[in-house]
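Asker: One structure coming up, written as structure tokens, with questions to follow.
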Amino acid sequence: MNAWGVLSYLLLGGLLGAVGQGLRFIVGLKKKYDESSASGRDLKEIFDYRELWLSFVIAFLVGAIAGILGVISHLGEEITVDFLFTIIGIGYVGTDFIEGLIKKKVFLRAR
């Protein structure tokens, strides 16, 4: 595999990871909407755009790493739809896991 092939798998994995984060964002947006409705606050007050962009960056990196590791482990094999959905799932779950660790670490320091 040449450098362009590696770069293309990095980008593909990163974009698929970001798609997974997009699905996670939709679920989170619904929760934030319900929270804003219950509290009477505007959704813009509750929603944090910096956290959203950080989540997409993390998802892109997680997806890129998963894409490369998946390609290395299946070197020479054709990319299947299952592989693509797996990377999307890794972007969803991996980002959730990493953000959970970050938030737990930050909240533990604040106490």
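Asker: Under 6 Å by Cβ, and 6 or more places apart or on different chains, what pairs join a residue from segment 39-64 that is under 15 Å from residue 102 (Cα atoms) with one that is assigned to a helix (DSSP H, G or I) and not small (Gly, Ala, Ser)?
Answerer: These pairs meet every condition: 55/21; 55/95; 56/21; 58/95; 58/98; 59/21; 59/95; 62/95.
Asker: Go through segment 6-38 and count every residue that is more than 14 Å from residue 61 (Cα to Cα) and aliphatic (A, V, I, L, M).
Answerer: 6
Asker: Only one of (1) over 30 Å from residue 72 (Cβ atoms); (2) in contact (Cβ under 8 Å) with a residue 40 or more places away in the chain; (3) among the basic types (Lys, Arg) is not met by residue 24, so which one is it?
Answerer: Here residue 24 meets the rest and fails (1).
Asker: Another question, if that's okay. Which ones in segment 52-65 are surrounded by 13 or more Cβ atoms within 10 Å (Cβ to Cβ) and not aliphatic (A, V, I, L, M)? It would help to see each step written out before you state the result.
Answerer: Taking segment 52-65 as the starting set, the residues that turn out to be surrounded by 13 or more Cβ atoms within 10 Å (Cβ to Cβ) are 52, 54-65.
Across segment 52-65, the qualifying residues are 55, 56, 60, 63.
Asker: Oh, and also: Restricting attention to segment 33-48, does a residue exist that is β-branched (Val, Ile, Thr) and surrounded by 14 or more Cβ atoms within 10 Å (Cβ to Cβ)?
Answerer: From segment 33-48, those β-branched (Val, Ile, Thr) are 46; that's our starting set.
Within this subset, residues satisfying the condition of being surrounded by 14 or more Cβ atoms within 10 Å (Cβ to Cβ) are none.
Scanning segment 33-48, I find no residue that is β-branched (Val, Ile, Thr) and surrounded by 14 or more Cβ atoms within 10 Å (Cβ to Cβ), so the answer is no.
Asker: Restricting to segment 17-32, name every residue that is more than 19 Å from residue 88 (Cα to Cα) and exposed (fewer than 13 other Cβ atoms within 10 Å of the Cβ).
Answerer: Filtering segment 17-32 down to residues more than 19 Å from residue 88 (Cα to Cα) leaves 30-32.
Result: 30, 31.
Computed from the coordinates by the stated procedures, all read-outs in this text should not be read as laboratory data. Please read all numbers here as calculations on a predicted model, not as lab measurements. Reconstructed Cβ throughout: ideal geometry from the backbone, glycine too, with neighbour counts over all protein chains shown.
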